[in-house]
1. Can you list, bin by bin at 10 Å, the percent of alpha carbon pairs in the range B:63-106, starting at 0?
2. Using DSSP, restrict attention to beta bridges with both residues in the protein assembly as shown and report what percent are antiparallel, rounded to the nearest 5.
3. Run down the lysines and flag those whose C-alpha is under 17 Å from the C-alpha of residue B:393, throwing out any fewer than 8 positions away in its chain.
4. Can you give the translational diffusion coefficient of the range B:274-344 in µm²/s, computed by Stokes-Einstein from the Kirkwood radius over Cα pairs at 37 °C and 0.692 mPa s?
5. Provide, in order from the shortest bin, the percent of all Cα-Cα pairs of chain B in each 20 Å bin, continuing until the bin that contains the maximum pair distance.
6. From other protein chains only, count the Cβ atoms within 10 Å of every residue's Cβ in B:374-382, then give the mean.
7. Over the whole of B:344-353, what's the average partner chain Cβ count within 10 Å per residue? Rounded to a whole number, please.
8. At R0 = 22 Å, how high is the FRET efficiency between residue B:3 and residue B:56 if r is their beta carbon distance? Nearest 0.05 is fine.
Amino acid sequence: MAISQEEVERIARLARLKFDGPEKTKLQTELSAILNYVDQLKEVEAKVSESEFETEGANLMRDDVAEVLIDREELLGRAPTREGNFFKVKSVLD
Amino acid sequence: MELTDITLKEASRKLASKGISARELVAAFLNRVKQVDKSVHAFLSVYENEALACADEADGRILDGTSFSLTGIPYAVKDCILVKGAKATAGSKILENYIAPYDATVIKKLKDQTPVMIGKTNMDEFAMGSSTENSAFGPTKNPYDLDRVPGGSSGGSAAAVAAGEAIFALGSDTGGSVRQPAAFCGVVGLKPTYGRVSRHGLMAMGSSLDQIGVFSKTVEDCAIVFGQIAGTDERDSTSLPQPVPDYVNLLKEDLKGIKVGMPKEYFGDGMDKEVRKVIEDSIKVFERLGAIIEEVSLPHSKYALSVYYVIMPVEVSANLSRYDGIRYGLSLPGQTLEEVYYNTRSEGLGSETKRRIMIGAYASSAGYYDAYYKKAIQVRRLIRQDFVEAFKKVDIMVTPTSPNRPWKFGEKSKDPLLMYLEDIFTVGLNVAGVPGISVPSGVLEDGLPVGLQIIAPHFAEERLFASGHAFEKALDLKIKPKL
């Protein structure tokens, strides 16, 4: 199955990535080839129960006790822009 | 023999008997890095002063009798594992200047044993690749042939151990990223059972597949290091509480009565003829050691790569959404918040990373989720079940680690699918969650190493070490790159 240019643009929006014209054309070919390859999964009869994400054991939870893992300044200090104890971003709502 | 050829076990013994000081040992390795790393490029950062200071502390411990089995041992760490205060770029421009704010749990556990970190190693960007050609900082070269790839994504760690720049190294393995470079560089590489090692502090790639693994010169060294990092961790809810045995005490010299399965699906066409010959000779070594060889079947093997190339990109696209230019890493300006995301991600991420994010976003998007992701998860269960069934008949399985020899730079980077096919023998284990180890098993006519992959049931790493150790002793392969 071939991926259309519009499809590439739709996915790029979901992924917050932008591509120029030639990149989009290349991605069309590459993504189509990869998706064609994985299409072989369709031939497998797989009737599996609803618990698809079941793992070996039960969920392992630790006690809900607050602790300082990393110093707050260490983390905030890595932000490109901050204001006081907040990450500063462009306005979210118009 | 040069000092940098030393195994962990020997180094540990020499340090304890004061035949050598930690400072001498560490200085020799730092010197070796200076000599060879211009051509090998295993390291992205080297911490010389910190390493020497750490070595002095180790010497203090040895003198006052408070040393451990890893005290003073120089090691290297893949750049996607956090070491507090050290750079952690994961081979990406988006994290070019990122300094880790805390230690990964594996690093914390190692530090308790006071080894000495030499530096952080090169890798394909965010561990996506099989050659290190996707590193934003240039590829690592195979120490056995500088025109060829070292394998990937943990190519830097594998090359560092092979080139005598570190005694052991940590890597991560999502689809073969420890085992394949280990095979290509002629060293031992372990991928543990899913859930065996804490991933707290490992940059997430494919969360249902990622495990941290070990590179070393010998299987015994691998067992020594692995015993220190294995076990559950309350900061990684996927790490399981199975007890960690004393792996070194469980090593064996013979394999009498051990049933070894050869999965027939792994011995079909499409394998390099010389690689096949080396692997067949290796299986004869197992027979000589008293093992019983049996053909087994993993009927859904041919779907493993497809399952992997759906599940992994979906998890990648979710995990890498955190690189958005807001909290850390590269941030490029834009008129709106959205533009900050677009500009930062488009500029900061490399082409293979973007490609996988795109596949993942597609396969998990509305309308396609059932056809791709859900289907892949269902087939995954069948693959896992294949391994469980096969291990009712045999104790371990053996396969080649890679069907091919290390390729020349650029040979496969034009066609992403061609590169993906290189993972064919390793991904099945990640999909099923079982552990595997690659052990050097011979050399090709052109001098390139070949790796044998040994597979064990979930949480039976001791079988990998026991059989790998016996095989290694019997084979007595002595190889070393000319650098």
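The values are calculated or read from the model by the stated rules, or taken from the named source; none is laboratory data. All values reported here derive from a predicted model rather than from experimental measurement. Don't worry about glycine lacking a Cβ; one is built from the backbone with ideal geometry, like all the others, and counts go over all protein chains shown. With ligands, DNA and RNA removed, areas are computed over all heavy atoms of the protein, side chains included. Shrake-Rupley method; radii C 1.70, N 1.55, O 1.52, S 1.80 Å.
1. 26, 39, 23, 10, 2
2. Approximately 70 percent, going by the DSSP bridge assignments.
3. B:256, B:259, B:264
4. Rounded to a whole number, D works out at 190 µm²/s.
5. For chain B, the pair-distance distribution reads 26, 60, 14, 0.
6. Other-chain Cβ atoms within 10 Å of each residue's Cβ, averaged: 5.
7. Details: counts 2, 4, 8, 1, 0, 2, 0, 5, 0, 1.
Averaged over the peptide's residues, the number is 2.
8. 0.75
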